[in-house]
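Take a look at the structure set out below.
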Amino acid sequence: MRLPGSIQEIPTPALLLDQTILERNLTRLQDRANSFGVTLRPHIKTHKCIEIANHQLELGARGISVSTLFELEEFVAAGFNDITWTLPLIPDYIERIVELCDKAAIRIVIDSPDMFERLDAIERVGSERFHVWLKVDCGYHRAGVNPQSVLAEQLVRSLSESKNIVFDGILTHAGHSYEARNRADILIFAEQERAVMVEFAERMRNKGYNIPMVSLGSTPTMSVTENLDGVNEIRPGNYAFYDYTQAMLGSCGVSDCALTVLASVVSHQPGASHFVINAGALALSKDPGPVHLGDDMDMGIVYEDYDRKRLQAHVHVKTLSQEHGKVLISDAMALKGYYKVGDKVRILEHHSCLTAANFDYYYVLKGYEVVDRWKILRGRT
(Lines give C-alpha, C1' and ligand atoms only; values in the text may rest on other atoms or scores of the structure.)
Protein backbone atom coordinates (compact mmCIF):
# COMPACT_ATOMS: atom_id res chain seq x y z
CA MET A 1 0.00 0.00 0.00
CA ARG A 2 1.31 3.45 -0.93
CA LEU A 3 1.90 5.68 2.06
CA PRO A 4 0.27 9.11 2.13
CA GLY A 5 2.84 11.81 1.51
CA SER A 6 1.63 14.05 4.30
CA ILE A 7 -0.95 14.31 7.05
CA GLN A 8 -3.38 16.05 4.73
CA GLU A 9 -3.54 12.94 2.53
CA ILE A 10 -4.36 10.55 5.40
CA PRO A 11 -7.99 9.31 5.41
CA THR A 12 -9.75 10.04 8.68
CA PRO A 13 -10.22 9.07 11.41
CA ALA A 14 -6.62 7.95 11.77
CA LEU A 15 -4.05 7.32 14.47
CA LEU A 16 -0.86 9.37 14.20
CA LEU A 17 2.36 8.38 15.95
CA ASP A 18 5.15 10.91 16.32
CA GLN A 19 8.27 8.75 15.98
CA THR A 20 10.61 11.34 17.48
CA ILE A 21 8.58 11.60 20.68
CA LEU A 22 8.12 7.82 20.84
CA GLU A 23 11.87 7.30 20.62
CA ARG A 24 12.47 9.87 23.34
CA ASN A 25 9.92 8.27 25.67
CA LEU A 26 11.27 4.75 25.18
CA THR A 27 14.84 5.85 25.74
CA ARG A 28 14.05 7.96 28.81
CA LEU A 29 12.26 5.15 30.67
CA GLN A 30 14.94 2.61 29.76
CA ASP A 31 17.58 5.03 31.05
CA ARG A 32 15.60 5.42 34.30
CA ALA A 33 15.46 1.65 34.74
CA ASN A 34 19.20 1.40 34.11
CA SER A 35 19.96 4.17 36.60
CA PHE A 36 18.00 2.35 39.32
CA GLY A 37 19.62 -0.98 38.50
CA VAL A 38 16.30 -2.68 37.66
CA THR A 39 15.17 -4.50 34.54
CA LEU A 40 12.42 -3.07 32.35
CA ARG A 41 9.78 -5.47 31.08
CA PRO A 42 7.46 -3.07 29.19
CA HIS A 43 3.76 -3.75 28.97
CA ILE A 44 2.85 -3.86 25.29
CA LYS A 45 -0.93 -3.66 25.86
CA THR A 46 -0.58 0.05 25.17
CA HIS A 47 0.84 -0.21 21.66
CA LYS A 48 0.26 -3.88 20.63
CA CYS A 49 2.91 -3.38 17.95
CA ILE A 50 5.78 -5.64 16.86
CA GLU A 51 7.96 -2.77 15.65
CA ILE A 52 7.71 -0.87 18.94
CA ALA A 53 8.25 -3.95 21.09
CA ASN A 54 11.33 -4.92 19.08
CA HIS A 55 12.78 -1.47 19.59
CA GLN A 56 12.13 -1.67 23.33
CA LEU A 57 14.19 -4.86 23.41
CA GLU A 58 16.93 -3.23 21.33
CA LEU A 59 17.12 -0.43 23.91
CA GLY A 60 17.64 -2.94 26.72
CA ALA A 61 14.26 -4.22 27.88
CA ARG A 62 14.21 -7.77 29.23
CA GLY A 63 11.18 -9.48 27.73
CA ILE A 64 7.70 -7.97 27.53
CA SER A 65 4.39 -8.05 29.40
CA VAL A 66 0.96 -8.67 27.82
CA SER A 67 -2.67 -8.48 28.94
CA THR A 68 -4.49 -11.01 26.77
CA LEU A 69 -4.02 -14.52 25.46
CA PHE A 70 -4.35 -13.10 21.95
CA GLU A 71 -1.39 -10.76 22.57
CA LEU A 72 0.57 -13.62 24.10
CA GLU A 73 0.03 -15.92 21.12
CA GLU A 74 0.67 -13.19 18.55
CA PHE A 75 3.96 -12.08 20.11
CA VAL A 76 5.17 -15.66 20.58
CA ALA A 77 4.40 -16.25 16.88
CA ALA A 78 6.45 -13.13 16.09
CA GLY A 79 9.49 -14.59 17.86
CA PHE A 80 9.32 -13.01 21.31
CA ASN A 81 10.63 -15.61 23.74
CA ASP A 82 10.23 -14.12 27.24
CA ILE A 83 6.73 -12.90 28.08
CA THR A 84 4.77 -12.26 31.28
CA TRP A 85 0.99 -12.54 30.98
CA THR A 86 -0.13 -10.14 33.72
CA LEU A 87 -3.80 -11.12 33.94
CA PRO A 88 -4.39 -13.85 36.55
CA LEU A 89 -4.67 -17.21 34.82
CA ILE A 90 -7.96 -19.15 34.64
CA PRO A 91 -8.41 -22.92 34.09
CA ASP A 92 -9.78 -22.53 30.54
CA TYR A 93 -6.40 -21.37 29.25
CA ILE A 94 -4.05 -23.88 30.87
CA GLU A 95 -3.91 -26.21 27.85
CA ARG A 96 -2.95 -23.37 25.51
CA ILE A 97 -0.36 -22.11 27.97
CA VAL A 98 1.19 -25.57 28.06
CA GLU A 99 1.56 -25.45 24.26
CA LEU A 100 3.11 -21.97 24.34
CA CYS A 101 5.59 -22.96 27.04
CA ASP A 102 7.24 -25.26 24.51
CA LYS A 103 7.96 -22.24 22.30
CA ALA A 104 8.96 -19.50 24.76
CA ALA A 105 9.47 -18.66 28.42
CA ILE A 106 5.92 -17.84 29.48
CA ARG A 107 5.52 -16.27 32.90
CA ILE A 108 2.00 -16.46 34.30
CA VAL A 109 0.29 -14.78 37.23
CA ILE A 110 -1.90 -16.32 39.92
CA ASP A 111 -3.52 -15.14 43.15
CA SER A 112 -5.55 -18.20 44.21
CA PRO A 113 -4.83 -21.60 45.74
CA ASP A 114 -7.01 -23.32 43.13
CA MET A 115 -4.85 -22.13 40.24
CA PHE A 116 -1.69 -23.09 42.10
CA GLU A 117 -2.98 -26.62 42.64
CA ARG A 118 -3.97 -27.01 38.99
CA LEU A 119 -0.55 -25.89 37.76
CA ASP A 120 1.38 -27.83 40.38
CA ALA A 121 -0.36 -31.03 39.31
CA ILE A 122 1.11 -30.78 35.80
CA GLU A 123 4.49 -32.45 35.50
CA ARG A 124 6.63 -30.88 32.79
CA VAL A 125 8.89 -33.88 32.13
CA GLY A 126 11.70 -32.90 29.79
CA SER A 127 10.20 -29.44 29.28
CA GLU A 128 10.55 -26.00 30.79
CA ARG A 129 8.57 -25.76 34.02
CA PHE A 130 5.87 -23.13 34.49
CA HIS A 131 7.17 -19.73 35.54
CA VAL A 132 4.70 -18.20 38.00
CA TRP A 133 4.35 -14.80 39.66
CA LEU A 134 2.20 -14.25 42.75
CA LYS A 135 -0.02 -11.20 42.27
CA VAL A 136 -0.06 -8.93 45.33
CA ASP A 137 -2.46 -6.08 46.11
CA CYS A 138 -0.38 -3.00 46.96
CA GLY A 139 -3.42 -0.76 47.51
CA TYR A 140 -5.35 -0.75 44.23
CA HIS A 141 -7.78 -3.40 45.54
CA ARG A 142 -8.49 -4.91 42.11
CA ALA A 143 -6.70 -8.26 42.08
CA GLY A 144 -3.94 -9.87 44.08
CA VAL A 145 -3.54 -11.28 47.57
CA ASN A 146 -3.51 -9.07 50.64
CA PRO A 147 0.17 -9.12 51.69
CA GLN A 148 -0.86 -9.20 55.35
CA SER A 149 -3.12 -12.23 54.91
CA VAL A 150 -2.58 -15.85 55.85
CA LEU A 151 -3.40 -16.75 52.24
CA ALA A 152 -0.48 -14.69 50.94
CA GLU A 153 2.01 -16.59 53.08
CA GLN A 154 0.41 -19.94 52.23
CA LEU A 155 0.80 -19.26 48.51
CA VAL A 156 4.40 -18.11 48.92
CA ARG A 157 5.17 -21.32 50.79
CA SER A 158 3.46 -23.48 48.16
CA LEU A 159 5.16 -21.74 45.25
CA SER A 160 8.56 -21.86 46.93
CA GLU A 161 8.31 -25.59 47.63
CA SER A 162 6.79 -26.69 44.32
CA LYS A 163 8.79 -29.11 42.17
CA ASN A 164 6.76 -28.38 39.03
CA ILE A 165 6.78 -24.58 39.16
CA VAL A 166 9.52 -21.95 38.91
CA PHE A 167 8.50 -19.22 41.36
CA ASP A 168 9.54 -15.93 39.76
CA GLY A 169 8.52 -13.75 42.71
CA ILE A 170 5.85 -11.21 43.63
CA LEU A 171 4.23 -8.77 41.23
CA THR A 172 1.91 -5.79 41.63
CA HIS A 173 0.34 -2.84 39.80
CA ALA A 174 -0.33 0.54 41.45
CA GLY A 175 -3.41 1.36 39.40
CA HIS A 176 -4.60 3.63 42.20
CA SER A 177 -1.81 6.04 41.24
CA TYR A 178 -4.29 7.36 38.66
CA GLU A 179 -6.15 8.91 41.60
CA ALA A 180 -3.24 11.35 42.06
CA ARG A 181 -3.85 15.08 41.75
CA ASN A 182 -0.27 16.06 40.97
CA ARG A 183 3.30 14.83 40.77
CA ALA A 184 3.73 15.00 44.55
CA ASP A 185 0.79 12.62 44.98
CA ILE A 186 2.29 10.22 42.45
CA LEU A 187 5.51 10.13 44.45
CA ILE A 188 3.51 9.10 47.52
CA PHE A 189 1.79 6.30 45.59
CA ALA A 190 5.15 5.20 44.16
CA GLU A 191 6.73 4.87 47.58
CA GLN A 192 3.66 3.06 48.92
CA GLU A 193 3.83 0.58 46.03
CA ARG A 194 7.52 -0.07 46.63
CA ALA A 195 7.29 -0.21 50.43
CA VAL A 196 4.37 -2.66 50.51
CA MET A 197 6.11 -5.06 48.16
CA VAL A 198 9.59 -4.84 49.67
CA GLU A 199 8.26 -5.27 53.22
CA PHE A 200 6.28 -8.35 52.15
CA ALA A 201 9.28 -9.85 50.36
CA GLU A 202 11.60 -9.25 53.31
CA ARG A 203 9.10 -10.69 55.78
CA MET A 204 8.73 -13.85 53.71
CA ARG A 205 12.49 -14.19 53.27
CA ASN A 206 12.98 -13.85 57.01
CA LYS A 207 10.67 -16.84 57.40
CA GLY A 208 12.85 -18.87 55.08
CA TYR A 209 10.86 -18.56 51.84
CA ASN A 210 12.56 -17.71 48.57
CA ILE A 211 11.29 -14.54 46.86
CA PRO A 212 13.48 -14.30 43.75
CA MET A 213 12.15 -11.01 42.38
CA VAL A 214 9.91 -8.02 43.13
CA SER A 215 8.12 -6.54 40.08
CA LEU A 216 6.20 -3.23 39.97
CA GLY A 217 4.04 -1.62 37.30
CA SER A 218 2.20 1.68 36.56
CA THR A 219 3.40 4.43 34.25
CA PRO A 220 2.71 7.30 36.69
CA THR A 221 4.78 5.78 39.50
CA MET A 222 7.62 4.56 37.31
CA SER A 223 7.86 7.92 35.52
CA VAL A 224 8.51 9.91 38.69
CA THR A 225 9.73 7.53 41.40
CA GLU A 226 12.90 8.45 43.25
CA ASN A 227 13.47 5.13 45.01
CA LEU A 228 13.39 1.54 43.77
CA ASP A 229 15.46 -0.07 46.51
CA GLY A 230 14.50 -3.72 46.88
CA VAL A 231 12.84 -3.86 43.44
CA ASN A 232 14.16 -5.99 40.57
CA GLU A 233 11.79 -5.28 37.68
CA ILE A 234 9.36 -2.62 36.45
CA ARG A 235 6.52 -3.05 33.91
CA PRO A 236 5.03 0.28 32.76
CA GLY A 237 3.33 0.42 29.37
CA ASN A 238 1.63 3.76 28.73
CA TYR A 239 4.98 5.59 28.89
CA ALA A 240 5.62 4.76 25.23
CA PHE A 241 2.92 7.22 24.17
CA TYR A 242 1.72 8.96 27.34
CA ASP A 243 -1.58 10.89 26.91
CA TYR A 244 -3.55 13.85 28.23
CA THR A 245 -4.46 12.01 31.43
CA GLN A 246 -0.78 11.44 32.21
CA ALA A 247 -0.05 15.10 31.52
CA MET A 248 -2.85 16.21 33.85
CA LEU A 249 -1.64 13.89 36.62
CA GLY A 250 1.93 15.13 36.33
CA SER A 251 3.56 12.00 34.92
CA CYS A 252 4.68 13.89 31.81
CA GLY A 253 4.15 17.05 29.80
CA VAL A 254 2.02 17.58 26.71
CA SER A 255 5.26 17.62 24.71
CA ASP A 256 5.78 13.96 25.74
CA CYS A 257 2.52 12.78 24.18
CA ALA A 258 3.37 10.79 21.04
CA LEU A 259 -0.10 9.71 19.90
CA THR A 260 -2.87 11.82 18.38
CA VAL A 261 -6.10 11.16 16.53
CA LEU A 262 -6.61 12.88 13.19
CA ALA A 263 -10.27 13.66 12.43
CA SER A 264 -12.22 15.69 9.89
CA VAL A 265 -14.95 18.24 10.47
CA VAL A 266 -18.17 16.78 9.02
CA SER A 267 -20.66 19.42 10.20
CA HIS A 268 -20.41 23.03 11.39
CA GLN A 269 -23.61 25.00 11.25
CA PRO A 270 -23.50 28.83 10.96
CA GLY A 271 -23.45 30.47 14.37
CA ALA A 272 -23.34 27.15 16.19
CA SER A 273 -21.37 26.74 19.38
CA HIS A 274 -20.14 23.34 18.28
CA PHE A 275 -18.98 21.35 15.28
CA VAL A 276 -18.95 17.61 14.59
CA ILE A 277 -15.99 15.40 13.71
CA ASN A 278 -15.82 11.85 12.36
CA ALA A 279 -13.98 10.53 15.44
CA GLY A 280 -16.37 9.10 18.00
CA ALA A 281 -16.11 6.55 20.79
CA LEU A 282 -14.66 3.98 18.38
CA ALA A 283 -11.73 6.29 17.80
CA LEU A 284 -11.19 8.17 21.06
CA SER A 285 -12.79 5.68 23.49
CA LYS A 286 -15.13 6.97 26.17
CA ASP A 287 -12.52 7.43 28.86
CA PRO A 288 -13.15 10.92 30.30
CA GLY A 289 -9.75 11.07 31.95
CA PRO A 290 -9.07 12.02 35.58
CA VAL A 291 -12.54 13.27 36.52
CA HIS A 292 -11.39 13.78 40.11
CA LEU A 293 -9.40 16.79 38.92
CA GLY A 294 -12.46 18.82 37.95
CA ASP A 295 -16.13 18.81 37.01
CA ASP A 296 -15.68 20.31 33.54
CA MET A 297 -13.99 17.33 31.91
CA ASP A 298 -13.99 16.42 28.22
CA MET A 299 -13.25 13.49 25.89
CA GLY A 300 -10.19 14.96 24.23
CA ILE A 301 -8.40 18.24 23.47
CA VAL A 302 -7.87 19.81 20.05
CA TYR A 303 -4.40 21.09 19.19
CA GLU A 304 -4.10 24.74 18.20
CA ASP A 305 -0.44 24.37 17.23
CA TYR A 306 1.04 20.86 17.26
CA ASP A 307 4.59 22.03 16.59
CA ARG A 308 4.54 24.14 19.76
CA LYS A 309 2.43 21.53 21.59
CA ARG A 310 -0.16 24.23 22.23
CA LEU A 311 -3.70 23.05 22.96
CA GLN A 312 -6.75 25.02 21.86
CA ALA A 313 -8.17 26.74 24.94
CA HIS A 314 -11.63 27.27 23.41
CA VAL A 315 -12.21 23.90 21.72
CA HIS A 316 -12.99 20.67 23.56
CA VAL A 317 -14.40 17.29 22.50
CA LYS A 318 -17.37 17.08 24.85
CA THR A 319 -19.55 14.15 23.81
CA LEU A 320 -19.03 11.03 21.72
CA SER A 321 -21.42 8.79 19.83
CA GLN A 322 -20.18 5.68 18.07
CA GLU A 323 -18.72 7.55 15.07
CA HIS A 324 -19.51 11.20 15.88
CA GLY A 325 -17.62 13.58 18.13
CA LYS A 326 -19.31 16.80 19.26
CA VAL A 327 -16.74 19.53 19.76
CA LEU A 328 -17.82 22.57 21.79
CA ILE A 329 -16.51 26.05 21.14
CA SER A 330 -16.53 28.27 24.22
CA ASP A 331 -15.70 31.43 22.23
CA ALA A 332 -17.42 31.18 18.85
CA MET A 333 -16.51 34.73 17.75
CA ALA A 334 -12.81 34.14 18.37
CA LEU A 335 -12.94 31.11 16.07
CA LYS A 336 -15.20 32.52 13.37
CA GLY A 337 -14.19 31.12 10.00
CA TYR A 338 -12.28 28.18 11.48
CA TYR A 339 -13.16 24.48 11.47
CA LYS A 340 -14.97 24.31 8.15
CA VAL A 341 -16.40 21.07 6.79
CA GLY A 342 -13.49 19.00 5.50
CA ASP A 343 -10.89 20.66 7.73
CA LYS A 344 -8.70 18.25 9.68
CA VAL A 345 -8.12 18.51 13.42
CA ARG A 346 -5.54 16.79 15.59
CA ILE A 347 -6.78 15.57 18.97
CA LEU A 348 -4.89 14.61 22.11
CA GLU A 349 -6.70 11.64 23.61
CA HIS A 350 -7.20 10.95 27.31
CA HIS A 351 -6.22 7.28 27.21
CA SER A 352 -3.74 6.22 24.56
CA CYS A 353 -4.08 2.49 25.38
CA LEU A 354 -7.83 2.42 24.69
CA THR A 355 -7.49 4.74 21.71
CA ALA A 356 -4.83 2.57 20.05
CA ALA A 357 -7.03 -0.49 20.57
CA ASN A 358 -9.64 1.11 18.30
CA PHE A 359 -7.40 1.27 15.22
CA ASP A 360 -5.69 -1.20 12.89
CA TYR A 361 -2.58 0.86 12.09
CA TYR A 362 -0.36 3.70 13.22
CA TYR A 363 0.62 6.27 10.64
CA VAL A 364 4.22 6.89 11.73
CA LEU A 365 5.36 10.48 11.31
CA LYS A 366 8.63 12.36 11.22
CA GLY A 367 7.42 15.91 11.49
CA TYR A 368 4.53 16.02 9.03
CA GLU A 369 5.93 13.36 6.72
CA VAL A 370 4.40 9.88 6.83
CA VAL A 371 7.39 7.52 6.99
CA ASP A 372 5.73 4.18 7.75
CA ARG A 373 2.58 2.36 8.77
CA TRP A 374 2.70 -0.14 11.66
CA LYS A 375 0.08 -2.79 12.35
CA ILE A 376 -1.73 -2.88 15.71
CA LEU A 377 -2.28 -6.45 16.91
CA ARG A 378 -5.71 -6.11 18.42
CA GLY A 379 -8.18 -8.93 18.80
CA ARG A 380 -9.61 -11.65 20.99
CA THR A 381 -9.21 -15.41 21.02
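The values are calculated or read from the model by the stated rules, or taken from the named source; none is laboratory data. Keep in mind that what you see is a predicted model, and the values were worked out from it rather than measured. Cβ: placed from backbone, ideal geometry, glycine included. Neighbour counts: every protein chain shown.
Brief remarks follow.
- Hits in segment 273-295 (condition: farther than 20 Å from D256 by Cα and in contact with a Leu (Cβ under 7 Å, 6 or more places away or on another chain)): S273, H274, G280, A281, S285, K286
- Considering residues of segment 113-145 that are over 26 Å from A174 (Cβ atoms) and in contact with an Asp or Glu (Cβ under 8 Å, 6 or more places away or on another chain) only, the residue modelled with the highest pLDDT: E128
- Every pair of residues 6+ apart whose Cβ atoms lie under 8 Å, when the first sits in segment 18-44 and is assigned by TED's automatic domain parsing to the domain that holds L216 while the second is part of a helix (DSSP H, G or I) and among the β-branched types (V, I, T): I44/I52
- Of all residues in segment 321-332, those that are closer than 18 Å to M297 by Cα have Cβ atoms under 9 Å from Cβ atoms of residues that are outside any strand (DSSP E or B) and hydroxyl-bearing (S, T, Y), 6 or more apart or on another chain, in V327/Y339; L328/S273; I329/S273; I329/Y338; I329/Y339; S330/S273.
- Residue within segment 60-74 that is surrounded by fewer than 15 Cβ atoms within 10 Å (Cβ to Cβ) and either closer than 23 Å to F241 by Cα or over 22 Å from the mean Cα position of the chain (by Cα) (or both) present: yes
- All positions within segment 77-99 that are assigned to a loop (DSSP other than H, G, I, E, B) and either hydrophobic (A, V, I, L, M, F, W, C) or outside the structural domain of V66 (by TED's automatic domain parsing) (or both): A78, F80, L89, I90
- Verdict on Q30 being under 30 Å from I277 (Cβ atoms), outside any loop (DSSP other than H, G, I, E, B) and either out of contact with any helix residue (DSSP H, G or I) (no Cβ under 9 Å at 6 or more places or on another chain) or at pLDDT 95 or above (or both): no
- Scan of segment 123-172 for residues that are buried (at least 17 other Cβ atoms within 10 Å of the Cβ), in a loop (DSSP other than H, G, I, E, B) and among the hydrophobic types (A, V, I, L, M, F, W, C), ordered by number: C138, A143
- Test: residue in segment 283-295 that is surrounded by fewer than 18 Cβ atoms within 10 Å (Cβ to Cβ) and of a type in the set (D, E): yes
- Picking from residues in segment 344-358 that are within 19 Å of the chain's Cα centre (by Cα) and surrounded by fewer than 19 Cβ atoms within 10 Å (Cβ to Cβ), the one that is nearest to S285 (Cα to Cα) is L354.
- Test: residue in segment 198-216 that is on the phi > 0 side of the Ramachandran plot, surrounded by 20 or more Cβ atoms within 10 Å (Cβ to Cβ) and at pLDDT 95 or above: no
- In a residue-by-residue description of segment 270-281, the property of being assigned by TED's automatic domain parsing to the domain that holds K366, touching a residue at least 40 places away in the same chain (Cβ under 8 Å), over 25 Å from V38 (Cα atoms) and part of a helix (DSSP H, G or I) applies to at least one position.
- Annotation: M1 fulfils all but one of (1) closer than 30 Å to D343 by Cβ; (2) in contact with a Lys or Arg (Cβ under 8 Å, 6 or more places away or on another chain); (3) surrounded by 16 or more Cβ atoms within 10 Å (Cβ to Cβ); the unmet one is (3).
- Flag if Q8 is modelled with pLDDT under 95, part of a helix (DSSP H, G or I) and outside the structural domain of A174 (by TED's automatic domain parsing): yes
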